[in-house]
Amino acid sequence: MRLLRNVFRRKVRSILTILGIVIGVFALIAMGSMAEKLTLLVDGGIEYYKDKAIVSEGGGMAFMASPMSKDRIKEVESIDGVKVAQAEINMLLEDLEAVNFGQPPMIVGTDLRGQEYESFEITFAKGRDLKEGDHKKVIVGSDLVNKLDAKVGKRIKIRGEKFEVIGILEKTLTGPDLTVVMSLADAQELYHKTLPDVLRKELKAEDLVTGITAFVDEDHDPDKVAKTIGKEIEGLSAMGPKAFQDQIGSAVGVFSAIITLIGLVALMVGGLSVVNTMSMSIAERTKEIGIRKAIGASSFKIIRQFLMESGVIGIIGGLIGLGLGIAFTSVANAAGNESGTALFLVTPRLAISAVLFALILGIIGGFFPAWRASRLNPVEALRYE
Amino acid sequence: MSDAMEGNLNQIVEVIDLHKSYRLGKNNFVHALRGTSLSIKKGGMTAIMGPSGSGKSTLMHIIGSLDTPSKGEVWLAGNRIDNLPKKKLPKLRASKMGFIFQGFNLIPTLTALENVALAAEYKGLSRKESAKLARERLDVVGLGDRIRHRQSELSGGEQHRVAIARALVNKPDIVLGDEPTGDLDTETSREIIQMMKEVNMTTGTTFVLVTHDPEVADSCDHQIQMRDGSIVDDSASKIDGSTKTLS
């Protein structure tokens with residue numbers, strides 16, 4: 001209580017300083033939660049790709065890959081170390097209207113050949129997995145449930161076609177949350193319709209795939225297998241887990257670092273205002289410091305008192321900033337969920353480090369003024385008016 | 001221990017040939033004390049008087065270990081204190097000394113009880129013990145019903161009594177007062193002098209008061225007059241002649 005009374009002896013000034021920290025922590029939470037979401041997406045990708053090589057024609061990422069013939073599966077399976085090759089269609093759930101942070105909602109069509117070898121664990125919140133022979137049936141990722149108004153047993157429209165929802169995925173916080181999974185044949189039909197007229201007339205839907213996932217034997221290095229595929233099969237390139245990590249992981253890593261840095265800079269500015277406030281407060285309380293020293297306060301006790309005051313400013317600002325940050329990201333995610341774009345993820349480690357950082361910043365901000373206060377000559381301090 | 005201290009254990013303070021000079025500018029020195037020596041009897045009330053700039057406050061600050069002498073010795077209750085390391089001084093002040101300043105110098109954000117308890121906390125007592133002691137002392141000065149009030153809610157006399165309670169909370173050997181009635185009207189001033197006398201008589205606490213107020217001086221059993229950094233008159237020397245080389 002005494003501590004709070006001291007902190008709020010100049011209410012407006014203390015509130016403004018706390019506001020500085022609040023804004024900083026809020027920025028750190030908003031920016032950091034975006035970075036956390038991206039990092040989790042990438043981590044999920046790394047986990048997913050760890051025993052696979054992703055094959056595409058001419059290179060490029062799954063959702064922007066060009067079509068290729070389904071027959072190439074046999075060529076991929078002929079490579080040493082490939083357990084099985086699964087034909088896939090990866091396409092956007094809907095055409096993008098704006099630039100999208102993170103992953104856009106996707107349709108994945110699969111021939112299920114790799115289903116029994118899949119090591120990436122996905123559990124179902126409701127319903128069941130796809131099986132051979134399912135037609136016009138879909139599994140919906142958790143972040144798309146609202147957007148598609150999906151319920152098990154309900155028929156929903158995807159790219160103009162009606163599908164029955166047979167399963168809803170548990171939240172994974174990575175790629176599958178924003179994915180609708182259907183049989184390869186259904187996806188081929190949808191994909192075929194999106195092709196330009198010229199191509200559509202020439203190509204048959206059932207021959208089309210956009211990617212092949214090669215499931216690699218446990219005793220083979222998926223990166224090496226990917227390399228061999230690229231080398232030995234003409235026109236195809238393949239990406240192993242390391243390539244995924246290098247290309248996507250490092251790019252996202254840099255992006256995450258930049259946005260986190262922006263949040264940190266905002267918080268540093270808040271921290272500087274703590275230095276200013278504590279310096280002013282200590283200048284005003286010079287006489288009080290003299291009294292405290294005269295009645296027996298050691299330098300350590302003076303420093304401790306002022307550090308506790310600046311720490312309180314830091315922690316109050318940190319907690320309010322965290323609260324606002326959580327409120328903001330929840331509202332933004334709820335709004336984004338409608339369109340399937342939840343951008344933010346406030347992880348416990350982010351929340352704890354943001355508040356801890358605010359506390360440490362408060363203490364560091366208060367340290368120099370507190371140290372100066374502890375060095376005041378008591379006689380001079382007592383004379384101060 | 002000096003001969004004087006060895007020979008006279010009923011003296012609480014012994015000051016020997018004390019000098020203090022301050023540097024003002026590059027080659028300009030101000031001599032606040034010029035070889036001052038004095039003894040203060042345990043359990044007495046001593047008034048140090050003199051015009052502004054005579055060195056009385058400097059003397060009190062050095063006795064109170066708030067300032068250090070340029071030369072000379074200061075003994076408190078048989079222990080030399082002028083050469084103690086700086087970090088030992090806060091504990092010395094907290095346990096052996098009480099201070100009453102002009103303008104009372106209470107901490108405005110703290111209640112009367114907290115102001116008094118703070119001195120006990122600095123001595124190393126727990127918050128609970130400190131609060132208990134503070135309540136007792138505030139009772140002694142007649143403020144038992146005002147303990148939750150802050151400085152702004154107390155009259156000048158009440159603030160002064162809080163300051164006295166604070167000075168007494170750790171049962172110090174000596175209470176040092178710098179113009180303790182400086183800001184008070186005549187009636188309140190008398191009331192405070194009376195209270196200090198009562199405390200002095202009932203507890204045997206030594207008071208050393210720097211003052212301009214002749215009424216304060218008259219109520220003390222030992223008066224010291226200072227001028228230009230030296231003692232020019234010391235009533236104790238007239239009584240027993242056992243102390244001081246008057247400068």
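Every number in this text was worked out from the coordinates using simple rules, so none of it is lab data. Everything numeric here is computed off the predicted structure, so don't read it as measured data. Methodologically, a virtual Cβ is constructed for each residue, glycine included, from the backbone with ideal geometry; neighbour enumeration extends over all protein chains shown.
Qualifying GluC sites (Glu not before Pro) in region A:232-328, where qualification requires a DSSP coil assignment and no more than 11 other C-beta atoms within 10 Å, comprise A:GLU234.
Count the DSSP beta bridges whose two residues both fall in region A:52-217, then state the antiparallel fraction as a percent rounded to the nearest 5.
Values: 27 of 36 bridges.
Taking every DSSP beta bridge within region A:52-217, about 75 percent pair in antiparallel fashion.
Other chains' Cβ within 10 Å of B:211-222 residues: what's the mean?
Values: counts 0, 0, 0, 0, 0, 0, 0, 0, 0, 0, 0, 0.
The shielding value for this peptide is 0.
Comparing mean-square fluctuations of B:THR205, B:THR188, B:THR68 from a GNM of chain B with C-alpha springs under 10 Å, the top value falls on B:THR188. Coupling constants for region A:82-96 follow from the phi torsions by the Karplus curve (6.51 cos²θ - 1.76 cosθ + 1.60, θ = phi - 60°), and in residue order they are 8, 6, 7, 10, 10, 7, 9, 10, 10, 8, 6, 4, 8, 5, 6 Hz; glycine and proline get x. Each Lys or Arg adds one and each Asp or Glu takes one away; over the other residues whose Cβ falls under 13 Å from the Cβ of A:VAL42, this sums to -2.
Amide H to amide H distances under 5 Å link A:MET106 with A:LEU93, A:THR179, A:VAL180, where only residues 5 or more positions off or on other chains count and H is placed in the peptide plane. What you get for region A:142-298, charging only the Cβ of Lys and Arg (+1) and of Asp and Glu (-1), is a dipole of about 1100 debye around the Cα centre. For B:LYS71, the residues whose modelled amide H falls within less than 5 Å of its own, excluding neighbours fewer than 5 places apart on the same chain, are B:HIS19.
Just in region A:76-151: which trypsin sites (Lys or Arg not before Pro) are loop by DSSP and have at most 14 other Cβ atoms within 10 Å?
A:ARG128, A:LYS131, A:LYS151
Charges were assigned to the Cβ only: +1 to each Lys and Arg, -1 to each Asp and Glu. The resulting dipole of the protein assembly as shown about its Cα centre is roughly 2440 debye.
Hey, what angle do you get for helix A:222-232 against the long axis of chain A, alpha-carbon based, 0 to 90 degrees rounded to 10? Helix A:222-232 sits roughly 40 degrees off the main axis of chain A. Rounded, prolate or oblate: which fits region B:92-132 when a ≥ b ≥ c are the square roots of the eigenvalues of the alpha-carbon gyration tensor, with rounded for a/c under 1.5 and prolate only if a/b beats b/c? Cα axes put region B:92-132 in the oblate bin. Taking +1 at the Cβ of each Lys and Arg and -1 at the Cβ of each Asp and Glu, which of A:THR260, A:PHE300, A:SER237 sits farthest along the dipole of region A:209-321 towards its positive end, judged by Cα position relative to the Cα centre? It is A:PHE300.
In terms of Cα to Cα distance under 12 Å, which aspartates and glutamates are near enough to A:LYS154, apart from those fewer than 8 places away along the same chain? Of all the aspartates and glutamates, those that pass the test against A:LYS154 - Cα under 12 Å, at least 8 places apart if same chain - are A:GLU164. In region A:52-217, a dipole from Cβ-located charges (positive for Lys and Arg, negative for Asp and Glu) runs towards its positive end, and of A:GLY81, A:ILE168, A:THR194 it is A:ILE168 whose Cα lies farthest in that direction. Which aspartates and glutamates have a Cα less than 16 Å from the Cα of A:LYS37, not counting those fewer than 8 places away in the same chain? Leaving aside aspartates and glutamates fewer than 8 places away in the same chain, those within reach of A:LYS37 are A:GLU47, A:ASP143, A:ASP177. The long axis of helix B:186-203 is offset from the longest Cα principal axis of chain B by roughly 80 degrees.
Backbone amide hydrogens, once placed in the peptide plane, bring B:VAL175 within less than 5 Å of B:GLY98, B:THR206, B:PHE207, B:VAL208, excluding anything fewer than 5 places away on its chain. Here the Karplus relation 6.51 cos²θ - 1.76 cosθ + 1.60, evaluated at θ = phi - 60°, turns the backbone of region A:307-320 into coupling constants of 5, 5, 5, 6, x, 5, 4, x, 6, 4, x, x, 5, 5 Hz, with x for every Gly and Pro. Once you've got the Cα coordinates, tell me which of A:LYS52/A:LYS74; A:LYS287/B:LYS71; A:LYS50/A:LYS151 are over 21 Å apart. Exceeds cut-off: A:LYS287/B:LYS71; A:LYS50/A:LYS151. A straight line joining the Cα centroids of region B:69-145 and region A:240-286 runs 45 Å. Taking trypsin sites (Lys or Arg not before Pro) in DSSP loop conformation with at most 16 other Cβ atoms inside 10 Å as exposed sites, chain B has its longest uninterrupted site-free stretch at B:43-147.
Each residue of region A:22-37 is assigned a 3J(HN,Hα), and the resulting list reads 4, 4, x, 5, 4, 4, 5, 5, 4, 5, x, 6, 5, 5, 5, 4 Hz, derived from the Karplus form 6.51 cos²θ - 1.76 cosθ + 1.60 (θ = phi - 60°), x at Gly and Pro.
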